[in-house]
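Chemist: This structure is in structure tokens; I'll ask about it shortly.
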Amino acid sequence: MVPYLKGIYLSINSSRQGRDVDGWTNQKCKRGNQKVNVKPDGNATKCVSTVSRLRLDLEVLMELTCFEGPPQIPVRPTNSKATYIVGDASGSGFGSTSWKTGEEKIHTPYGAWTGEVTKHKFSNFHETANLVLRLRYDQRRENRTGI
């Protein structure tokens, strides 16, 4: 839901100086440290302009919150064992540890990113790629052993 609050935030701040028509900060438009358009009498603006994405964001929020209670989502697990995974992909390396309830083994694949990934990719990419690699590792392991 958080991404769909952005239209509300941008609309609320649309009266601030240094904002473009979509409500985003525009460094070229900023003048001084004044943050809000202030009338000569010293009061802040009472009205703001809506940004173009506000309508779609509100429609999505209405859809996501229209239920009286949490929606029921059917889940059919293929394995009754819970799996716990902890991982980290900081710096030039990555790794993760997993343990499945009822098993005595702990699996810990790890490695190092290539120089290209280390230099040109952000930490969000590292963390997501580490999780994807982990899930692929577990899938291959289950296919080999039939666990």
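Chemist: Report every pair of residues separated by at least 6 positions or lying on different chains whose Cβ atoms are under 9 Å apart, first residue within the stretch 82-104 and β-branched (Val, Ile, Thr), second buried (at least 16 other Cβ atoms within 10 Å of the Cβ) and not in a strand (DSSP E or B).
Modeler: Qualifying pairs under 9 Å: Thr83/Asp138; Ile85/Arg134; Ile85/Asp138; Thr97/Pro109.
Chemist: Identify the residue in the stretch 136-147 that is of a type outside the set (Val, Ile, Thr) and within 15 Å of Trp99 (Cβ to Cβ) and, among all such residues, is modelled with the highest pLDDT.
Modeler: Filtering the stretch 136-147 for residues that are of a type outside the set (Val, Ile, Thr) and within 15 Å of Trp99 (Cβ to Cβ), the one modelled with the highest pLDDT comes out as Tyr137.
Chemist: Same structure again: Just to be sure before I move on: is Glu127 of a type in the set (D, E, K, R) and part of a helix (DSSP H, G or I) in the structure I sent?
Modeler: Answer is yes for this residue.
Chemist: Looking at the stretch 105-128 only, could you name the residues that are polar (S, T, N, Q), over 14 Å from Gly87 (Cβ atoms), free of Cβ contacts under 8 Å to residues at least 24 places away in the same chain and touching a Ser or Thr at 6+ places or on another chain (Cβ under 7 Å)?
Modeler: Residues satisfying the conditions do not exist here.
The values are calculated or read from the model by the stated rules, or taken from the named source; none is laboratory data. This is a predicted model, so every value here is computed, not measured. When we count neighbours, we look across all protein chains shown, and the Cβ atoms used for this are built from the backbone with ideal geometry, even at glycine.
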